[in-house]
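Contents: one structure, followed by commentary.
We did not get these values from a lab; they are worked out from the coordinates using the rules stated. The structure displayed is predicted, hence computed values, not measured ones. A quick note on method: Cβ atoms are made from the backbone with ideal geometry, for glycine too, and the neighbour counts reach across all protein chains shown.
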Amino acid sequence: MEAEVVVVGGGPTGLMLACELRLAGVDVLVLERRGSRETGESRAGGMHARTMEVLDQRGWLAPFLAQGRAMPGAHFSALPLDLSGFATRYPYLLMLLQTRIEKLLEERALELGVRLRRPVEVVGLRQDDGGVDVQVVYGERQDDGGSVQGEAGGIDSRRHEGEWIRGRYLVGCDGGRSAVRKLAGVGFSGTEATLTALLGDVELAEPPAWPMFQERYEHGTVGVLSFEPGWYRVITTEYDRVARRDEPVTLETLRQACLKIAGTDFGMRRPRWLSRFGDAARQVDRYRVGRVLLAGDAAHVHFPAGGQGLNLGVQDAVNLGWKLAAVVRGEVSDGLLDTYHAERHPVGARVLHNTRAQSALSRPDAQTGALRELMADVLRAGEVNDLLGGMVSALDVRYPSAGHVLAGCRMPDVDLLRGEGGAPEPAFALLRSGRGVVLDLGGLGDVDVAGWGDRVELVRARGTARTWGIPGVGRVAAPGAVLIRPDGHIAWAADGTVTDVEGLREALTVWFGAPVSVMAG
């Protein structure tokens, strides 16, 4: 067994998952197809509020904030959304290129002891009751006989063909053309592309006056985003034309598309990266097949409307990581992994649904223009703004759960007081270690949770607010106690003095396994 968990794909999803697993003490090997991150390619360009929150839960957010640029609110098909009323410390979009996000996550992963091997291409897969074997070929897709980068940034001059690597579990985080998904035979259903979009990271001699520019024209749309001084991301969209996959993408291709749609090329020059994409929307039928799991773009692809893709993948990883770690450590049965599909598949389906709607709402015809004007008026209603804002930012994600209104919701980052005379501290600070938390806000009394003490921390504190703001729910009276999962979602809650002791014990057992006394018996 070369690793307890093998992660295929070293993008944001794979790296975040690897970090979560190592934080829980699981041995992880990441296999990355690219030989280097210095390719100039950077598909995503920012992080939404919930992704910033999950990084903050682990205490890793500061370097991302230092390198990014905050842009107010969010948008739905370029119609602005106001997040200022949301109960989050991060009511904005953080503009930060995926290459930088990956670099920071990789640095963190290596600090935690994640093993990273590149360039490695997966070409075969088989699984049995004891584990998963993945067949790999080392090196870029070329027979040059050269050296390849080995684990943890070292150099491995060997070149192997068809080596098999074995792990207890395998997670495919290898993108929209996932080899793991194909080799596992997982269905990938959805809708075909209806448009052609071109993307170029270029310098502009005559950029728009605004840092985020998007306009609709007779023949399509043009968007321009300012990431760093002097260079920009230009995106053109032509509807009802689907390009062949083998059509070349050049600076001239992008320039002509801009001229056709907007009548100007903004003086573009010196491209760093050029790409083409469409609005195909697909999702896997199953996020888990035995010991093989899928996350990120390997599980779902969609039009990048609203900048949700990277965020969706990172949040997949945070949902899966602690569950897979608990299974590997033998604390719970592998049935817990079925909750990964049950919770994340509906979230992914909702993103596909809203990106299809955003794509349709951007069409350049007069009828759509009238609909956009109407939507702009409707968004002035707070309820509509909050509905779409919670959806795009993922702050309103609530996993299926019975019982208290807070069950399944994300834990809000309320201020807590611990001890006498201490300064308030954020609730997210309780999740730094990646363990579960029983938070006693005065209602737990002498309820005994010591049987889970090796997996769940008991924290006694006082809240500073009488109500909690929960996106998608509203204001909720502060509870007497909550059980917080490692991913920051509430597994159980009770108002006032806890009387549902069995409910708490049941939730602890479902999510964290049997108490020590029972397991030892």
(request) With N set to the residue count of segment 354-428, report its C-alpha Rg divided by 2.2 N^0.38 Å to two decimal places. (result) 1.70
(message) For Cα pairs less than 8 Å apart in space and 6+ apart in sequence, what is the mean separation divided by the residue count of the chain, i.e. the relative contact order in percent?
(response) 16
(request) Take segment 415-520, compute every pairwise Cα distance, and split them into 10 Å bins from 0; I just need the percent in each bin. (result) 14, 48, 32, 6, 0
(request) Taking every pair of alpha-carbon atoms in the chain, give the share separated by more than 44 Å as a whole percent. (result) 17
(request) Let me know the volume per residue of the alpha-carbon convex hull for segment 195-277, in Å³. (result) 81
(request) Would you please give the FRET efficiency between ARG475 and ALA62, computed as 1/(1 + (r/R0)^6) with r the Cβ-Cβ distance and R0 = 35 Å, to the nearest 0.05? (result) 0.70
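Residue separation times 0.36 nm, minus the C-alpha to C-alpha distance between ARG350 and ARG286: what's the value?
21.5 nm
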(request) Could you give the DSSP H helices of the chain that reach 15 angstrom or more along their long axis (alpha carbon positions) and whose average Kyte-Doolittle hydropathy is no lower than -1.0? (result) 12-23, 98-112, 251-262, 309-328, 338-361, 366-378, 382-393, 501-512
(request) Using R₀ = 60 Å, calculate the FRET efficiency as 1/(1 + (r/R₀)^6) where r is the Cβ-Cβ separation of MET375 and GLU425; round to 0.05. (result) 0.90
(request) Using 0.36 nm per residue of separation minus the Cα-Cα distance, give me the extension gain between GLU2 and ARG329 in nm, one decimal. (result) 116.1 nm
(request) Report the paramagnetic label zone for LEU112: residues of segment 432-466 whose backbone N is under 12 Å from a point 7 Å from Cα along the Cα-to-Cβ axis. (result) 432-435
(message) As an exercise, use a Förster radius of 30 Å and the Cβ-Cβ distance of ARG462 and ALA70 to find the FRET efficiency, rounded to the nearest 0.05.
(response) 0.45
(request) Grab the DSSP H runs of the chain that are 4 residues or longer, score each as -39,500 (n - 2.57), total them, divide by all residues and round the 222 nm result to the nearest 500 deg cm²/dmol. (result) -8500 deg cm²/dmol
(request) Could you check how many percent of all C-alpha pairs in segment 368-482 are farther apart than 25 Å? (result) 36
(request) Straight distance only, please: which aspartates and glutamates reach the Cα of LYS103 with their own Cα at less than 12 Å, same-chain residues fewer than 8 apart left out? (result) GLU38
(request) Show the residues, 5+ positions off or on another chain, whose built amide H is closer than 5 Å to the amide H of ALA465. (result) none
(request) Would you mind checking which residues have amide H under 5 Å from ARG286's amide H? H placed 1.01 Å from N; only 5 or more apart, or other chain. (result) GLY187
(message) Please list, by residue number, everything in segment 275-311 whose backbone N is under 20 Å from a paramagnetic label point 7 Å out along Cα→Cβ of LEU259.
(response) 275
